[in-house]
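The values are calculated or read from the model by the stated rules, or taken from the named source; none is laboratory data. In this text, all values refer to a predicted model and were calculated from it rather than measured experimentally. Note that we place each Cβ from the backbone using ideal geometry, even for glycine, and neighbour counts take in every protein chain shown. Side chains included, ligands, DNA and RNA excluded: accessible areas come from the protein's heavy atoms. Shrake-Rupley method; radii C 1.70, N 1.55, O 1.52, S 1.80 Å.
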Amino acid sequence: MDTLVLELKNVLKHREQGGATFELYTKELQLHKGQFVAVVGESGCGKSTLLDILALVSNPNTCEQFTYYASEVIDIKQLWKNKQEKALAMLRRLHFGYVLQTGGLLPFLTVLQNLQLVSEINGFHDSKIIELAKRLDISGILNKKPQYLSGGQRQRVAILRAISHHPQIILADEPTAAVDETRALNIIKDFHTIAKESGTIIVMVTHNHNLIAPFADVTYGFDVYDVSDTLTQSHLLKL
Amino acid sequence: MKLPIITRLAILDLWHEWILALCMVLAIAAILTPLLVLLGLKNGTIQTMHERLMEDPVNREIRPARTLNLSSQWFDEFAQRDDIEFIIPTILRGSSVIRVTTSTKRLLIDLIPTDVGDPLILTNDGIIPNADECVLSYVAAEELGIKTGDVLNTEITRTRNKNKESVQVKLRVVAILNSRADALARIYAPFAFVNDVEAYKEGRAVYSRNWSGGKVLPPLSYDGLWMLLPQNLTAIDEINLTVNTGLTDVQRAYADEFQQKFSFFPPDNYVIYKLLAKGNPITTGSINIIKNKLRGKAAIILPFVDNVEITDANNIRVIGLSLSKSQTDILGLPPLPWGNFDVNTNFTNQGQTLLPKSISERYSTSILTSNVMGGKIKFPVNNQGASFNENIIVPIELIGILRTGQTNRIIFDQTQKTFLSVKTNYHGFRLYAKSIDDIPNLYRHFVAQDIDVIAQIQEIEKLKVLDQGLSKIFWLIAIVGIAGAMAALIASLYASVERKKRDIGVLRLMGLSCLQVFRFPIYQAIIIVVLSNIVATSGYIVIASTINLMFINEVGAKICALPYTYFIFIFIITIIISTLSSLLAAWKTTVIEPAEAIREE
């Protein structure tokens, strides 16, 4: 299928913390162009672990397939195996955008500086940013620092920053956690619009299933059970 | 031009937390400023003391501790050294005392030679005196009641041949020295004048000043004697000849060797001896003693020299020979107009010659040339007729003078028509080094030459010890201060990285490399230290000016001063230290994973 961008098969991530072991098992996960993907679940179910794997910052323990389909086919499983951290960082930098829970904006930069940073790191100048800022209704706060913004504004800036270098995939980790329902809805709407307009994949992790359900193309959940006192297993399920 | 991204981020982050940054800048400046002031005080004080020592030439003076015997050549060579500002020979005390008479007083005052460039005169309100001028020490001027511009009536006295003699000289006082220059009553006068005074006081004549007195004729000296005897010397006679005569060796010689030297053979029945004094010249005194010892033996003594070359215009060989009429008769030679060897002859007798027959008619006088110490010497001789061979024959006394001229300065005085000895030895010197820092080295040089000298070496050493001591104290304080500043900087930067873990994670997530974020705290440390340097330097300028202003009346010089190079040096050092201090924080950034930004605690 030519719209397939990222594909995972039989991926296991093993984590130990304070004597307790947690395992996340992903049987299959496919991300297609323009898809709005919701990942829902309570805390401790492995949402962040999944996001780490998708964000290419965490190495799966076992893995059958982990492929990124860009202009060429990139075998991420192989990159991890060969410890090609630079290639992974390059992929992250060029093809991935991130929206963190509280935005992940740098507090010492103004909104505009934050927005321009990614393009700058990647060595290009994006003149469309101000235009996009107008569309997201944040053009009035471009010269403010993040600490003076509301939670909603902050998330919108974060979204704008995430798409400023035209990534293939945007990973959003609970972007609505810090705002009220109305704002949360608006943020989800913004993401949805971007996904549909630009063909960018949005993977949004949230605990609020109801809020995201009307917009999500695919929704994943987790099946969590305790195998023993020290082992917890979690399986990713398509809902 | 845009700054590199990581530099810009470092600056923006500091600017964002400007209060923290300012506190850090002030904290480091608070350590740096007193260190700068302390260094400035140390430097300024030492420099002021150094200048004080420099200012007074007394501190740069080296003088001999005892009477020396130094040739003018020694002075010429010594003056070439580039660590010497001024050197002048001195006259023995007492040999240059002159009597100064004013309307109310008569005083005996020491005369000190001076010359162009004498720092003692120049740095003590003096002017270098020209001929017929002098400069007085403060004490001398006080005692005499003399002012600048007055004329001193001086009298130079001597006792010669049991008679008291004196000459009068008028000297115009061109300057009176600062009291610091000389604690004694002294008159500073041109070197030539003082030298003439000494000559007069020693009984010699000074023709240029019309001061009467004795001529100092060069003594005669020889390398050996030829001796012709009608019979052999006994072994006892031979030994006797080496006792008290300066002779070291009595050798039998052959007629051939004699002939080579004198161009004639001795009579067959005569025994030939060569008398030598190895290493030392034979003086006229020795010759007199030898003659006495040989009395009654009908010996003919012929003094000779080895290495005196005399040339005339025609390059004819010159032989020195003085013989009495009876001696020439024995040797079968025509009589010599100047006769026998005479120790006490003058140039009227010595300046005679016999020329080879071929040219003897042509010249009534010849100019002869010989190499002596300090160059060539020329003198005229009168032709007395024809020689008995193809050589020029002159009295051996003439050659004896020229032999002396090879080791002592002699001149031929045209007006007096005589050879004269020139004084070349001095008994001391007055020397000023270029800088007080040259003194220890010069001091060592004199010690190596076996010349005992007196210098203000202790003062200079004391200053050095003080400087080293203060430097040690400074470094002790500096190390404590720098350690404190480093600790503060390390803590601040490390805490800052710890606080900004998430931000640094975000930066990594956005694609900044490990090496880029590694530079983040380093750049911040450098920026903080650059700002601290600016604040500390400004602080130093304010404090130093205040200190200098406070002490200007008491000290009269800047006691807190630092050369510009120090600031550059301190700037570089502090940047290096700050970079080192930031390395821990820098290392900390590299262990921050991008994942940490994603994962919320």
* **Fraction of accessible area attributable to carbon and sulfur, the protein assembly as shown (%, probe 1.4 Å)** => 54
* Structure fact -> Among residues of region A:55-69, a drop of 40 Å² or more in 1.4 Å probe accessible area, assembly relative to the chain on its own, occurs for A:57
* Asked: Helix B:564-590 sits at what angle to the longest principal axis of chain B, using alpha carbons and giving 0 to 90 degrees rounded to 10?
  -> 40
* Asked: Using the Cβ atoms and a cut-off under 12 Å, what net charge is assigned to the surroundings of residue B:13, where Lys and Arg are +1 and Asp and Glu are -1?
  -> +2
* To do: Treating the angle as unsigned and between 0 and 90°, give the value, to the nearest 10°, between the Cα long axis of helix A:181-198 and the longest Cα principal axis of chain A.
  => 90
* Please give the net charge around residue B:341, taking every other residue with its beta carbon less than 12 angstrom from that of residue B:341, where Lys and Arg add +1 and Asp and Glu add -1. => -1
* Across region B:485-492, in residue order, what do the Karplus-derived ³J(HN,Hα) couplings come to in whole Hz, using 6.51 cos²θ - 1.76 cosθ + 1.60 with θ = phi - 60° and x for Gly and Pro? -> 5, 5, 4, 4, 5, 4, 4, 4
* Structure fact -> Computed over chain A: longest principal axis from alpha-carbon atoms vs helix A:85-95 long axis, angle to nearest 10 degrees, is 50
* Obtain the nm distance between the two label points defined at residue B:268 and residue A:166 by a simple spin-label model: each point lies 7 Å from its Cα along the Cα-to-C-beta direction. => 13.6
* May I ask for the distance between the Cα centers of region A:167-202 and region B:275-306, given as a whole number of Å? => 130
* **Contact order normalised by residue count of region B:305-402, Cα under 8 Å, 6+ apart, percent** => 39
* Structure fact -> Checking region B:1-46 for trypsin sites (Lys or Arg not before Pro) in a loop per DSSP with at most 10 other beta-carbon atoms within 10 Å yields B:2
* Structure fact -> In whole Hz, the Karplus estimates of ³J(HN,Hα) for region B:505-514 (6.51, -1.76, 1.60; θ = phi - 60°; x where Gly or Pro) are x, 4, 4, 5, 4, 6, x, 6, 7, 3
* Semi-axes of the equivalent ellipsoid for region B:358-405, Cα gyration tensor, largest first, Å -> 23, 12, 8
* **Residues in region A:104-125 that, when all protein chains are in place, have 20 Å² or more less accessible area than the chain alone would give (probe 1.4 Å)** => A:104, A:106, A:107, A:108, A:109, A:113, A:117, A:118, A:120, A:121
* Structure fact -> Short to long, in 10 Å steps from zero, the percent of alpha-carbon pairs of region B:320-388 per bin is 19, 43, 32, 6, 0
* Gain on full stretching of the segment that runs from residue B:168 to residue B:382 - 0.36 nm per residue minus C-alpha separation -> 73.1 nm
* Would you be so kind as to identify which of B:440, B:367, A:90 lies farthest towards the positive end of the dipole of the protein assembly as shown, taking Lys and Arg as +1 and Asp and Glu as -1 on Cβ and the Cα centre as origin? => B:367
* What is the local net charge at residue B:209, summed over the other residues whose Cβ is closer than 12 Å to its Cβ (Lys, Arg +1; Asp, Glu -1)? -> -1
* So what are the three principal axis dimensions of region B:219-304 from its Cα atoms, in whole Å, longest to shortest? -> 31, 26, 18
* Asked: Mind checking the dipole of region B:187-303: about its Cα centre, +1 per Lys or Arg Cβ, -1 per Asp or Glu Cβ, Debye to the nearest 20?
  -> 320
* Structure fact -> FRET efficiency for residue B:476 and residue A:21 from the Cβ-Cβ distance with R0 = 60 Å, rounded to 0.05, comes out at 0.55
* To do: Please report the relative contact order for region B:219-304, taking Cα pairs under 8 Å with a sequence separation of at least 6, and give it as a percent rounded to a whole number.
  => 52
* Whichever lysines have a C-alpha closer than 19 Å to that of residue A:9, once near sequence neighbours (fewer than 8 apart) are set aside -> A:27, A:33, A:47, A:77, A:81, A:238
* **19 Å cut-off, amide nitrogen to a point 7 angstrom out along residue B:466 Cα→Cβ, residues in region B:24-58** => B:38-58
* To do: Send over a whole-number figure in Å² for the accessible area per residue of region B:217-300, probe 1.4 Å.
  => 51
* **Rg and Dmax [Cα atoms of region A:1-158; Å; Rg one decimal, Dmax integer]** => 18.1, 51
* Asked: Each label point is 7 Å from the Cα along the Cα-to-Cβ direction; what then is the distance between the points at residue B:202 and residue B:343, in nm?
  -> 2.1
* Structure fact -> Counting only residues 5 or more apart in sequence or on a different chain, those whose built amide H sits under 5 Å from that of residue A:200 are A:34
* residue B:180 versus residue B:329: modelled label distance in nm, points set 7 Å from Cα along the beta carbon direction -> 8.2
* To do: Rounded to the nearest 100 Å², what's the accessible area chains A and B bury against each other, both chains counted, probe 1.4 Å?
  => 2300
* Structure fact -> Kirkwood Rh over alpha-carbon pairs of chain B plugged into Stokes-Einstein at 20 °C, 1.002 mPa s gives a D in µm²/s of 66
* At a Förster distance of 51 Å, what's the computed FRET efficiency of residue B:151 paired with residue B:552, Cβ-Cβ distance as r, to 0.05? -> 0.75
* Structure fact -> Correct response: the longest run of chain A lacking exposed GluC sites (Glu not before Pro), defined by DSSP loop and at most 12 other Cβ within 10 Å, is A:73-239
* Where a label projected 7 Å from the Cα of residue B:79 along Cα→Cβ would reach, residues of region B:96-135 with amide N under 14 Å -> B:114-119
* For region A:22-103, which trypsin sites (Lys or Arg not before Pro) are both in a DSSP coil and crowded by at most 14 other Cβ atoms within 10 Å? -> A:83
* Structure fact -> Note: residue B:8 to residue B:498 extended length (0.36 nm per residue) minus current alpha-carbon separation gives 174.4 nm
* Structure fact -> Residues whose modelled amide H sits under 5 Å from the amide H of residue A:239, counting only those 5 or more places away in sequence or on another chain, are A:219, A:220, A:221
* Asked: Taking the alpha-carbon centroid of each part, what is the distance from region A:96-115 to region B:219-248 in angstrom?
  -> 118
* Structure fact -> Amide H neighbours of residue A:6 at under 5 Å, excluding residues fewer than 5 places away on the same chain, with H built from the backbone geometry, are A:31, A:69
* Apply the Karplus parameterisation 6.51 cos²θ - 1.76 cosθ + 1.60, with θ equal to phi minus 60°, to every residue of region B:217-222 and state each ³J(HN,Hα) to the nearest whole Hz, in sequence, with x for glycine and proline. => 7, x, x, 8, 8, 9
* Going down the table (A:128/B:501; A:144/B:501; A:145/A:196), which pairs top 28 Å between alpha carbons? -> A:128/B:501; A:145/A:196
* Surface per residue (accessible, 1.4 Å probe) for region B:305-402, Å² -> 45
* Structure fact -> Semi-axes a, b, c in Å (a largest) for the protein assembly as shown, each sqrt of 5 times a Cα gyration tensor eigenvalue, come to 113, 37, 22
* Asked: Which FRET efficiency, nearest 0.05, do residue B:437 and residue B:545 yield, Cβ-Cβ r, R0 30 Å?
  -> 0.55
* To do: Name the lysines eligible as straight-distance cross-link partners of residue B:215: C-alpha to C-alpha under 19 Å, and not fewer than 8 places from it in the same chain.
  => B:162, B:164, B:201, B:417, B:423
* To do: Using Cα centres only, tell me the gap between region B:540-601 and region A:219-239 in whole Å.
  => 57
* DSSP-defined antiparallel bridges as percent of all bridges, the protein assembly as shown, nearest 5 -> 70
